[in-house]
1. Please count how many residues of segment 130-178 are under 16 Å from residue 23 (Cα atoms) and surrounded by fewer than 17 Cβ atoms within 10 Å (Cβ to Cβ).
2. Pick out, from segment 55-137, the helices (runs of 4 or more DSSP H) lying fully within it that include 1 or more residues that are more than 18 Å from residue 27 (Cβ to Cβ).
3. Among the residues of segment 95-112, write down those that are farther than 17 Å from residue 163 by Cβ and surrounded by fewer than 20 Cβ atoms within 10 Å (Cβ to Cβ).
4. Would it be correct to say that residue 159 is in contact with a strand residue (DSSP E or B) (Cβ under 9 Å, 6 or more places away or on another chain), at pLDDT 95 or above and not in a helix (DSSP H, G or I)?
5. Which condition breaks for residue 190 when tested against (1) farther than 18 Å from residue 22 by Cα; (2) surrounded by fewer than 22 Cβ atoms within 10 Å (Cβ to Cβ); (3) touching a strand residue (DSSP E or B) at 6+ places or on another chain (Cβ under 9 Å)?
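The values are calculated or read from the model by the stated rules, or taken from the named source; none is laboratory data. Not measured: the values here are computed from a predicted model. Glycine gets a Cβ as well: all are built from the backbone with ideal geometry, and neighbour counts include every protein chain shown.
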């Protein structure tokens with residue numbers, strides 16, 4: 001029996017749930033999934049960015065409940081140090097935390113203009129100026145990390161919480177056909193080929209529930 005429960009909502013639409021789930025998978029934590037129905041008003045509000053707080057994903061482990069994705073990542077880094085979810089070198093570790101924090105608290109225009117939708121594919125999608133500024137900042141972060149630490153992940157050969165935090169952005173860039181430079185495109189391919197990502201995406205595509213508000217039409 002699993003020692004932990006991870007409560008999530010939609011695998012197709014929820015970027016935060018992907019982050020929490022991926023962190024648990026990469027940490028090697030044995031857990032059970034508990035899925036909140038999209039009929040739940042609070043779940044819909046979170047996915048539509050109408051809620052002031054996000055209560056899923058929520059990790060319950062040994063009597064502790066953690067409902068913030070970044071806090072889940074930090075908890076797992078302490079619980080499973082062998083997974084090396086944070087870089088071992090102090091400067092790199094601080095850098096990792098800084099870009100994780102930036103993803104956690106920013107990029108609102110990107111989130112709202114390019115909502116996560118793993119079932120969709122919009123070829124030649126027009127990206128407007130507000131979202132483009134966020135895209136430029138994300139790719140600058142990626143390019144800097146890949147150049148500094150040598151890839152294939154943001155902090156070198158070991159996948160970290162930074163890759164977890166930016167994984168949903170990778171899916172957004174894929175869904176909306178965002179043009180990327182060579183190194184960022186290669187990074188996206190690397191993340192999308194992760195076994196855990198392939199597992200999540202396959203489950204998302206089988207998900208019956210839909211949110212019409214997040215299914216764009218062009």
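1. So the answer is 1.
2. Details: elements: 69-79, 90-105, 108-113.
Ranges flagged: 90-105, 108-113.
3. Filtering segment 95-112 down to residues farther than 17 Å from residue 163 by Cβ leaves 105-106, 108-112.
Correct list: 105, 106, 108, 109, 111, 112.
4. Working: in contact with a strand residue (DSSP E or B) (Cβ under 9 Å, 6 or more places away or on another chain): yes; at pLDDT 95 or above: yes; not in a helix (DSSP H, G or I): yes.
So residue 159 passes the test.
5. Exception for residue 190: condition (1).
Each row is one residue, and each column tells you yes or no for (1) modelled with pLDDT of 95 or more; (2) over 24 Å from residue 137 (Cα atoms); (3) in the same structural domain as residue 164 (by TED's automatic domain parsing); (4) within 17 Å of the chain's Cα centre (by Cα).
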position	(1), (2), (3), (4)
9	no, yes, no, yes
41	no, yes, no, no
44	no, yes, no, no
78	yes, yes, no, no
102	yes, no, yes, yes
